[in-house]
Every structure is written in C-alpha cells, then in structure tokens.
2 protein chains.
Amino acid sequence: MNPTPLEKVVPMGNSKEALLLRLHHTPLFSAWPNDTIAPLLAQSQPLTLESGDILFAEGSPARSFYFLAVGRIHLITAAATGQEKIVEIIQPDDLFAEAVAFLGGRYPVTAQADATTTVLEIPLDLFVATLEQRPFLMRQMLARLSMRLHFLVKELRHLSVESAEQRLASYLLELCPVVNSPAAVDLPAKKAAVAARLGLTPETLSRVLSRMRKAGLIEVEQRTISIPDPLALRRWADGH
Amino acid sequence: MNPTPLEKVVPMGNSKEALLLRLHHTPLFSAWPNDTIAPLLAQSQPLTLESGDILFAEGSPARSFYFLAVGRIHLITAAATGQEKIVEIIQPDDLFAEAVAFLGGRYPVTAQADATTTVLEIPLDLFVATLEQRPFLMRQMLARLSMRLHFLVKELRHLSVESAEQRLASYLLELCPVVNSPAAVDLPAKKAAVAARLGLTPETLSRVLSRMRKAGLIEVEQRTISIPDPLALRRWADGH
DNA sequence: CGAGCTTTTGAGTACCGTCAAGTTAAGTGG
DNA sequence: CCACTTAACTTGACGGTACTCAAAAGCTCG
C-alpha cells in the first residue's frame with residue numbers, strides 16, 4: 001500500500017557495503033571487478049536532498065555522476081520562457097549523468113529532487129581513469145551511450161508526430177512488463193511530473209486518462225493503472 | 001548562383017586519396033594516424049544514390065556507418081500513422097550512423113537520399129576493432145556520443161516547450177556563424193524538409209517566415225535568409 | 001477536522017494542422 | 001530559347017487538439 005516501499009526496505013544508514021552490492025547490480029557496473037569498484041566507492045560520498053533541492057544545474061561544470069539510492073530525481077531542461085520539460089524521471093538503483101563525463105563537461109540538464117532523496121556522488125575523473133585502463137569497460141560504456149541515444153531518438157518521435165493519446169499509451173506500455181497479458185503499472189511520480197515528462201499539461205493528462213477509462217481500456221486508482229488488454233490500448237491509441 | 005556548388009568542385013570520380021584527405025578533416029578522424037585510417041578506407045566503398053533512395057532502414061541490422069561525400073541525406077524516424085520526423089539533415093563531409101556501432105546494432109533511424117548522393121560505406125567491425133586497440137580514440141568517440149546526446153536533449157526541449165516562432169528562430173540562429181552581427185544563412189534543404197526537421201508543416205513554416213519578414217527581422221530570397229540583427233530575432237521570438 | 005496539496009472538470013482560446021486553391025520557380029522537351 | 005509540365009512554395013479558410021484560466025473535488029497529514 002505504501003507508494004514508495006523502497007524507502008522501507010533499504011536501510012537509511014546506507015552502508016558502503018550495501019551500496020557496493022547494489023552498484024554491482026547496475027547494468028553499468030555488473031561487469032566490473034570488485035577491486036575496481038571499491039576504490040571508486042571509497043572516493044564517493046552519499047548526499048541527502050530534500051524535495052525541491054537542486055543537485056546540479058543545467059550548464060554547470062560536471063565533476064561527478066550519481067547513483068540514486070533512495071527517493072526520486074527529475075532531469076529537467078528549461079526554456080527561455082521558464083517552461084520546463086522533464087527529460088527523464090530517475091528511479092532508485094539508476095545511475096545518471098554518467099554520460100557527461102566525456103565532454104569535458106557541463107551538465108546538459110538540471111537534476112532536482114522530487115522527494116527526500118539520497119544519492120551517491122561518484123567522482124568523474126577517477127571513473128574515467130579506470131575506464132581508460134580497460135578497453136572492455138569502455139566498449140560497454142559506448143554501448144550505454146548508444147542506447148541512450150536510441151532512447152532520445154524515440155522520445156523525439158513521440159514528441160513530434162504523436163498525439164497525447166499515443167504518447168501516454170506508449171508510455172504506459174513501456175512500463176508494462178509484458179504486452180499480451182493484463183498488467184498493472186505504477187506511475188513513477190505524481191501526475192503533474194508524468195505530464196511534464198510526456199510534454200503535456202496536467203489537465204490534458206487527466207483528460208486523456210479519463211478518456212481511456214471511459215473507453216474501458218484502463219482502470220485508474222491513484223497512481224496505479226490497470227491495463228486489462230495492452231494490445232487493445234495500443235490499437236485504440238493508434239486510431240487517435 | 002549554383003545552389004549546389006559542391007557537386008562541381010568535388011571530382012565525381014572520388015579518388016580514395018581525396019576521400020582520405022577529407023576524412024582526415026572530420027572531427028572524428030582528425031586525431032587518427034594515417035596508417036590507421038588507410039586500412040579502414042581500403043575496406044570501404046563508395047555508393048551512389050538517387051534522390052529518394054533508402055540507404056538503410058530503421059530497425060535493420062547495422063554493419064556500416066557512412067561518410068557523406070556529395071549530396072544530402074535525411075535521417076528520418078516514422079510513427080505508426082506513417083507521419084515522418086526528420087531527426088537530422090546530413091551535409092557533405094559529415095559522418096553519420098557511427099553511434100550505432102556499440103549496440104550490436106540496429107539503425108535507430110532511416111537514411112534517405114534527398115538528392116543524387118554519394119557516400120562512403122565504412123565497415124563497423126574493423127572500425128570498432130581499431131578503436132579497441134587505442135584507448136585515446138575510444139575516449140574521443142565517447143566525447144562524440146556525449147555531444148550527440150546533448151544535441152538531442154536540446155532538440156527535445158525545442159520540440160516540447162517552444163513555439164513555432166522560437167523553434168525556427170533557434171534553428172536560424174544556430175546556422176548563424178556569429179550572433180551579434182548581420183548574417184545570411186542558407187537553408188540546408190528544401191523548405192518542406194526544414195519544416196519536418198523542426199516538427200512543423202511546410203505551411204506553418206511559410207507563415208512563420210512571412211511573419212518574421214513582416215516584422216522586419218529577416219529577408220527571404222529562395223533558400224537564403226538574411227538576418228540583419230540576430231539578437232533582435234532572438235528577443236522577438238522569445239516574446240512569442 | 002481543516003490546511004495544503006494533487007487531481008479533476010469546465011469554459012474559452014490560441015496555435016497549428018488539414019484541405020484547397022493559387023502563385024512562383026524549376027525542370028523538360030520540342 | 002521558349003512553351004509546357006511538374007514540383008515547390010505561398011496564401012486563405014476552417015477545424016481540432018491541447019493550453020490557459022478558474023474553480024471544485026479528492027487526498028494526505030498534522
């Protein structure tokens with residue numbers, strides 16, 4: 001029933017040992033030998049943020065990247081008018097901002113906490129130095145960046161040629177583990193944030209959800225959405 | 001007066017020597033020793049495409065990347081509805097699709113020729129193998145991907161929170177060499193393609209150009225656009 | 001229970017896309 | 001070189017989608 005159960009199962013006094021274990025389970029570090037991660041971890045330090053705090057700002061020099069242990073982070077980019085677009089919503093056990101390392105860096109987005117959050121701050125210089133000694137890890141890192149590139153290209157398509165219905169449907173279906181059987185997904189943040197992530201206003205998101213509900217395609221209960229037939233949702237959305 | 005003078009100055013029988021020279025001037029290869037590029041070039045071959053031809057399709061397995069010698073290529077991503085979004089317009093002397101190399105890959109976009117075009121097809125496997133033997137080159141490649149990531153994030157913002165006026169203004173200003181003195185920019189393709197690149201319809205692009213013209217901010221002559229005061233254009237656009 | 005959220009619902013509007021016609025430019029063949 | 005055809009671009013009228021503003025209803029938590 002707790003909307004953020006993770007905060008309960010992870011001990012707040014995140015020991016370095018526990019963190020090392022969790023780091024080791026991320027796609028990026030899973031292939032790293034333990035004795036490579038350990039020195040990195042030794043130079044890293046946990047940070048705690050309150051909801052609304054800025055971890056780093058768009059354009060500021062990048063010296064670290066981050067592992068999200070507890071809470072939630074929004075990656076935001078702002079326009080001249082002050083309007084904001086959420087590029088990505090970061091979840092626990094995700095790494096983020098590691099891609100900036102190679103540009104001699106400035107952060108391309110702003111990172112803002114959406115709840116009480118603790119992150120592990122990992123220094124980039126040591127990370128890059130380690131990487132350079134192991135071509136295999138570098139190759140893996142390239143694959144990771146390449147994946148992100150694909151993700152962004154897909155996002156670009158969603159934003160430019162898809163309707164609100166299609167965008168939301170795609171988003172929900174991406175959260176679905178399997179597409180050909182009933183599923184229930186939890187929105188990763190409050191609806192206003194999800195709306196911003198999709199390039200919509202909260203009002204529009206609400207209305208689209210309501211339309212889907214009335215069409216019998218989903219059921220909404222707070223932030224939990226049940227999808228009896230994902231494929232039907234896909235078909236319906238593509239017709240709008 | 002010729003709209004595509006490049007086709008005249010580059011000998012159509014692109015000798016390998018000439019191509020090597022031009023490759024060496026690209027940001028990616030400028031740091032590569034000659035004896036590293038040569039074997040790569042030996043395995044590569046020039047291809048000629050007519051306008052409309054597909055070089056590779058979204059989702060198809062990637063075995064090569066490309067150097068654009070002559071002509072123009074559109075990188076396109078299509079939605080279920082058939083609507084198309086131009087992700088990028090590739091110009092002569094640009095490299096493209098090199099980022100897919102590391103995903104074991106499939107192309108994330110479709111590449112279509114927009115004019116009679118010749119490209120150099122470079123095999124990925126040899127490229128990656130070379131890269132893996134030289135950490136420095138890998139590092140550089142990571143920087144390149146990182147830059148592309150920044151570019152796409154910026155695009156995302158443009159599409160989601162900016163108006164047609166702002167998008168076009170940003171686009172024109174990016175084509176400007178300097179921002180604080182008068183400039184004349186050439187659109188890199190026909191207006192319909194530029195519109196698709198900006199996520200607009202040709203009609204809307206035409207109207208926005210017309211509004212800018214009437215506001216005295218630009219002058220339009222075919223595909224050449226003069227901007228007497230780039231900063232004024234910026235300010236005007238931000239007010240819309 | 002009431003204060004401060006988030007979310008929903010409603011009414012009005014603006015922007016941009018669609019459809020259609022007209023104009024200009026470019027390319028083709030006699 | 002000039003008629004003719006085709007494509008590129010512009011302009012107009014109209015409509016729909018999604019945004020804005022405003023208010024009410026629903027949660028959450030002290």
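What follows draws every value from the coordinates through simple rules; no lab data is involved. Treat the numbers as computed from the prediction; the structure is a model and nothing was measured. In this analysis, Cβ positions are derived from the backbone assuming ideal geometry, glycine residues included, and neighbour counts consider all displayed protein chains.
Say the dipole of the range A:162-238 comes from +1 at the beta carbon of Lys and Arg and -1 at that of Asp and Glu; which of A:ALA232, A:LEU168, A:PRO182 then lies farthest toward its positive end?
Result: A:LEU168.
Taking H placed 1.01 Å from N in the peptide plane, check which residues at least 5 places from B:LEU200 or on another chain put their amide H under 5 Å from its amide H.
Those lying under 5 Å, H to H, from B:LEU200: there are none.
Can you tell me how the range B:169-240 classifies by the Cα gyration tensor, rounded, prolate or oblate, using a/c under 1.5 as the rounded cut?
Prolate is the answer for the range B:169-240, as a/c is 1.5 or above and a/b outweighs b/c.
Calculate one ³J(HN,Hα) per residue across the range B:125-141 by plugging θ = phi - 60° into the Karplus curve 6.51 cos²θ - 1.76 cosθ + 1.60, and present them in order as whole Hz with x for glycine and proline.
4, 5, 4, 5, 4, 4, 4, 5, 7, 9, x, 5, 5, 4, 4, 5, 5
Compute the signed sum of charges (Lys and Arg +1, Asp and Glu -1) over the other residues within less than 14 Å, Cβ to Cβ, of B:LEU137.
So the surrounding residues net to 0.
Could you work out how far apart the two model spin labels at B:SER206 and B:ALA57 are, taking each label as a point 7 Å from the Cα in the direction of the beta carbon, and quote it in nm?
Reported label-point gap for B:SER206 and B:ALA57 is 3.2 nm.
How shielded is B:82-94 by partner chains, expressed as the average number of their Cβ atoms within 10 Å of its Cβ atoms?
Mean partner-chain Cβ count within 10 Å for B:82-94: 2.
Using a Förster distance of 56 angstrom, determine the FRET efficiency expected from the C-beta separation of B:ASP238 and B:ALA18, and round it to 0.05.
Plugging the Cβ-Cβ distance into 1/(1 + (r/R0)^6) gives 0.80.
Over all residues in B:132-138, what is the mean tally of Cβ atoms on other chains that come within 10 Å of each residue's Cβ?
If you average over the peptide's residues, the count of other-chain Cβ atoms is 3.
Sort shortest first the distances from A:GLN222 to its counterpart in every other copy, using label points 7 Å along the Cα-to-beta-carbon line, and give them in nm.
For A:GLN222, the other copies' label points sit at 6.5 nm, shortest first.
Which one of B:SER146, A:THR110, B:PRO92 is farthest out on the positive end of the charge dipole of the protein assembly as shown, using unit charges on Cβ (Lys, Arg +1; Asp, Glu -1) and the Cα centre as origin?
A:THR110
If I take R0 = 51 Å and measure r between the Cβ atoms of A:VAL179 and B:SER30 in this structure, what FRET efficiency does the formula 1/(1 + (r/R0)^6) give, to the nearest 0.05?
0.65
Give me the inter-chain shielding for B:155-168: mean count of other chain Cβ atoms within 10 Å, whole number please.
Shielding by partners across B:155-168 averages 6.
Suppose R0 equals 41 Å; then what is the FRET efficiency for B:LYS214 and A:LYS154 from their Cβ-Cβ distance, rounded to the nearest 0.05?
Between B:LYS214 and A:LYS154 the formula returns 0.60.
Distances in nm, one decimal, shortest first, from B:PHE151 to the same residue in every other copy, taking the label point 7 angstrom along Cα→Cβ.
Here the equivalent label points are 2.0 nm apart from this one.
Between B:ALA129 and A:ARG106, with labels modelled 7 Å along Cα→Cβ, what's the label distance in nm to one decimal, could you check?
That separation, rounded to one decimal, is 4.1 nm.
Using 7 Å Cα-to-Cβ label points, what is the A:GLN45/B:ALA80 separation (nm, one decimal)?
5.0 nm
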